[in-house]
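Peer 1: Handing you a structure now.
Each reported figure results from applying straightforward, stated rules to the coordinates on display, with no laboratory input. Since the model is a prediction, treat every value here as computed from it, not as a measurement. For neighbour counting, all protein chains shown are included, and Cβ atoms are generated from backbone atoms with ideal geometry for every residue, glycine included.
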């Protein structure tokens with residue numbers, strides 16, 4: 001029975017590996033009709049299962065890794081770039097909605113991604129702040145010192161703006177940003193990034209000397225809803241947002257010209273010019289052809305008409321570059337399947353590793369008195385870190401994607417298992433331990449034959465708790481590009497689509513229930529009552 | 001066979017054993033008796049090496065008990081406690097054979113020994129495949145006895161073995177225990193708080209109070225010549241069923 005958990009976890013890892021292998025095959029559309037290779041296949045799966053993490057972090061294929069920010073426009077630009085390269089025969093890996101400017105910039109420097117779209121104003125104000133930059137050439141020069149290159153502007157300026165409900169603006173006679181000074185009572189709702197940026201609210205309020213007491217941060221895509229519902233009254237806008245027209249908003253004039261120009265460009269690491277000149281040549285084809293009306297229309301198509309990023313990007317390539325990019329439109333079920341695999345992959349590996357590490361830690365805590373408070377205290381502290389923060393802490397250490405997400409989930413899963421292993425052993429009645437020692441058995445035999453089996457129900461309960469928490473927390477993994485059920489939730493928030501949010505939330509809840517039921521069954525099968 | 005010299009033991013500030021000297025020669029059945037808290041169970045645990053004494057030595061069959069030989073010496077001693085000593089996740093069979101298996105006995109040898117002992121303690125072999133929760137308290141103590149006797153130890157230590165058994169079964173078990181002790185001729189040290197049980201099972205009685213041995217001898221000599229007032233009280237405190245108010 002003591003080996004049960006070990007066996008279970010290895011089994012889980014190999015199953016996961018198998019699933020992932022299938023997934024990869026699907027994606028690459030390799031026809032694997034040869035079922036005679038099943039033995040070889042099994043070997044591969046086994047190898048994969050054992051050194052999975054290593055392999056995963058070493059997937060240094062010559063694919064072009066593309067990232068995009070959290071909002072629709074960035075996602076569309078990333079999609080256009082990705083399809084443009086794909087249709088020209090290059091392999092790409094597109095991680096959409098990876099995070100804010102800092103995360104993408106750092107990911108680019110750390111070679112987690114190779115390419116992502118950004119804006120000149122953002123780069124000058126956020127990344128290169130304090131530098132005197134007055135022209136695009138100067139910007140390119142400064143970027144070069146980071147070994148980063150930028151395409152020429154793509155053709156539109158998506159500057160920040162402040163907007164509000166037209167009726168209310170007219171009632172209060174608000175036309176320019178300066179006018180806001182007269183109305184301290186207004187409720188402001190800004191995207192979190194805008195709130196903190198020097199070229200955002202931080203700089204703006206100083207520049208215009210606006211006194212505002214009621215400022216909240218929220219997701220940009222939710223802002224329009226909040227505005228319509230009246231929860232907030234002034235929001236930040238991107239000038240290419242399709243919603244401005246849709247909701248008939250009043251855009252307040254930047255009368256003191258605070259906001260710089262935000263010309264869209266595509267950033268890449270300069271080493272790409274040598275390692276993948278073809279890719280750079282291709283993305284430069286996008287220079288100047290994405291005009292403002294085209295971008296607004298594409299944003300509207302996705303956000304207001306519910307078309308997919310991929311379709312809109314494909315249409316753009318066809319209309320403007322006569323490229324026929326084949327896009328695969330996933331059905332709900334294939335998407336669900338992919339997300340399920342992604343989620344199980346995150347949960348399975350992180351939980352298995354947690355079991356393998358936490359049970360020995362719990363044993364050490366129970367057996368080595370000098371280690372007891374250290375071990376329990378350490379895993380306890382890990383648990384107090386908010387899960388979101390833990391995920392973000394992982395980025396500088398492990399980059400983006402499923403590896404850092406799994407690492408965070410792993411750390412998060414330790415406490416319940418360590419604590420239950422420790423208490424399961426500690427709570428064995430004294431007379432029983434006395435008889436065990438009186439039999440003249442060495443400590444190792446007592447641990448294996450008596451203490452651990454007696455602690456199994458408690459340990460199992462700890463694993464169950466970890467698993468259920470893990471399934472829920474893994475949805476946050478999408479924030480750092482780890483996939484899983486968090487992905488549709490994140491996209492759902494971006495596109496303001498309840499259906500998409502539920503597409504992630506419902507399976508996540510079901511999976512949590514399923515995991516709970518699975519462990520209940522194991523407990524029953526082993527003959528333990530609920531602990 | 002068992003030799004205890006100047007054993008002292010304190011818990012925080014309370015001294016529970018105040019220099020105990022005790023020799024038990026081979027084949028004797030000694031009953032250690034006294035009011036609760038007198039230190040008799042602590043002494044038994046020290047002999048078993050389960051608790052370390054503050055001072056003094058314990059010798060088992062001529063060997064001084066130490067960290068180095070404690071496991072090996074425990075194999076020479078069978079140990080039965082009041083209750084809760086059987087492991088609930090193992091069957092009676094697994095409970096009794098765990099040490100023999102660890103020592104690498106052949107399964108045929110284990111099987112033979114197990115059935116021999118089942119016969120000795122008069123337990124139905126069918127019960128051997130049950131878990132402790134599925135057998136009665138009296139049967140559990142018989143299983144505990146099999147476990148204690150499995151390696152054929154020279155010494156048997158029993159800590160209130162019948163303490164939580166109901167009176168009818170206890171009576172029967174006392175009779176059986178006496179027979180077993182006589183048959184096996186082991187060195188037995190039995191802790192009890194019941195003078196009748198001590199007199200019935202023990203060829204010699206050691207009476208303890210507050211961490212000291214007060215009197216030692218056979219039941220007659222103790223009853224006829226109580227060492228002090230306490231011993232006298234202890235003897236008369238055993239109520240007879242016919243006692244009138």
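Peer 1: Just grab the label-to-label distance for residue A:426 and residue A:214, each label 7 Å out from Cα along the Cβ direction, in nm (one decimal).
Peer 2: If labels sit at residue A:426 and residue A:214, their model points lie 5.1 nm apart.
Peer 1: Further, regarding this structure: Can I get the semi-axes of chain A's equivalent ellipsoid? Compute them from the C-alpha gyration tensor as square roots of 5 times the eigenvalues, in angstrom, largest first.
Peer 2: Values: eigenvalues 471, 164, 89 Å².
Listed largest to smallest, the semi-axes of chain A are 49, 29, 21 Å.
Peer 1: On to the next question. If every alpha-carbon in the range B:85-152 counts as one equal scatterer, what log10 I(q)/I(0) does Debye give at q = 0.12, 0.27 1/Å?
Peer 2: Summing over Cα pairs of the range B:85-152 leads to -0.25, -1.29.
Peer 1: At q = 0.14, 0.16, 0.24, 0.28 Å⁻¹, what log₁₀ I(q)/I(0) does a Debye calculation on the Cα points of the range A:244-286 give, no solvent, two decimals?
Peer 2: -0.61, -0.65, -0.88, -1.02
Peer 1: Let me ask something additional. Based on the Cα atoms of the range A:203-317, what semi-axes does the equivalent ellipsoid have, where each is the square root of 5 times one gyration tensor eigenvalue, given in whole Å with the largest first?
Peer 2: Numbers: eigenvalues 211, 85, 34 Å².
With the √(5λ) rule applied to the range A:203-317, the semi-axes are 33, 21, 13 Å.
Peer 1: Would you mind pulling out the separation of the Cα centroids of the range A:433-512 and the range A:227-256, in Å?
Peer 2: If you average the Cα positions of each part, the centres end up 43 Å apart.
Peer 1: What is the range B:85-152's relative contact order, in percent, from Cα pairs under 8 angstrom and six or more apart in sequence? Please list the in-between numbers first.
Peer 2: Values: 65 pairs, mean separation 33.3, N = 68.
Computed value for the range B:85-152: 49 percent relative contact order.
Peer 1: Okay, moving on. Using the Kirkwood radius over C-alpha pairs as Rh, can you work out the diffusion coefficient of chain B via Stokes-Einstein at 4 °C, viscosity 1.567 mPa s, in µm² per second? Each step should come with its number before you reach the end.
Peer 2: Values: Rh = 18.8 Å.
The diffusion coefficient I find is 69 µm²/s.
Peer 1: Once the Cα atoms of helix A:498-525 and of chain A are each reduced to a long axis, what angle between those two axes, in degrees from 0 to 90 to the nearest 10, is obtained?
Peer 2: 0
Peer 1: How much FRET efficiency would the formula 1/(1 + (r/R0)^6) give for residue B:220 and residue B:175, where r is the Cβ-Cβ distance and R0 is 22 Å, rounded to 0.05? Walk me through the numbers before you get to the answer.
Peer 2: Numbers: r = 21 Å, r/R0 = 0.95.
Plugging the Cβ-Cβ distance into 1/(1 + (r/R0)^6) gives 0.55.
Peer 1: Restricting to bridges with both residues inside chain A, how much of the DSSP beta-bridge set is antiparallel, in percent to the nearest 5?
Peer 2: Numbers: 18 of 31 bridges.
Taking every DSSP beta bridge within chain A, about 60 percent pair in antiparallel fashion.
Peer 1: In the range B:1-143, what is the volume of the convex hull around the alpha carbon atoms, normalised per residue and reported in Å³? Before the final figure, lay out the partial values.
Peer 2: Details: hull volume 21.2 nm³, N = 143.
Enclosed volume per residue, from the Cα hull, is 148 Å³.
Peer 1: So, one more: Can you tell me the Rg and Dmax of the range A:440-531, counting just the alpha carbons, in angstroms?
Peer 2: Rg, Dmax (Cα atoms, Å): 18.9, 68.
Peer 1: Write down the Å³ per residue value for the convex hull defined by the alpha carbon atoms of the range A:348-447.
Peer 2: Values: hull volume 10.5 nm³, N = 100.
Taking the convex hull of the Cα positions in the range A:348-447, it is 105 Å³ per residue.
Peer 1: Using only Cα atoms and rounding to the nearest 10 degrees, what angle (0 to 90) does helix A:369-384 make with the longest principal axis of chain A?
Peer 2: Rounded to the nearest ten degrees, it is 30.
Peer 1: How far, in degrees from 0 to 90, does helix A:309-321 lean away from the longest principal axis of the Cα atoms of chain A, to the nearest 10?
Peer 2: Tilt relative to chain A: about 40 degrees.
Peer 1: To continue, here is another question. Please provide three numbers in whole Å: the alpha-carbon extents of the range B:148-245 along the principal axes, with the largest listed first.
Peer 2: 45, 30, 22
Peer 1: Using the Cα atoms of the range A:405-444 to build a convex hull, what is its mean projected area in square nanometres? Working shown, then result.
Peer 2: Details: hull surface 14.2 nm².
Directional mean of the projected Cα hull area for the range A:405-444 stands at 3.5 nm².
Peer 1: Let me ask another. What whole-number distance in Å separates the alpha-carbon centres of the range A:70-98 and the range B:173-228?
Peer 2: 89
Peer 1: Something else: For Cα pairs less than 8 Å apart in space and 6+ apart in sequence, what is the mean separation divided by the residue count of chain B, i.e. the relative contact order in percent? List each step's numbers first, then the result.
Peer 2: Numbers: 419 pairs, mean separation 68.0, N = 245.
Relative contact order, chain B: 28 percent.
Peer 1: Still on this model: Could you tell me the extents of the range B:1-82's C-alpha atoms along the three principal axes, largest first, rounded to whole Å?
Peer 2: 32, 27, 23 Å, listed from the longest principal axis down.
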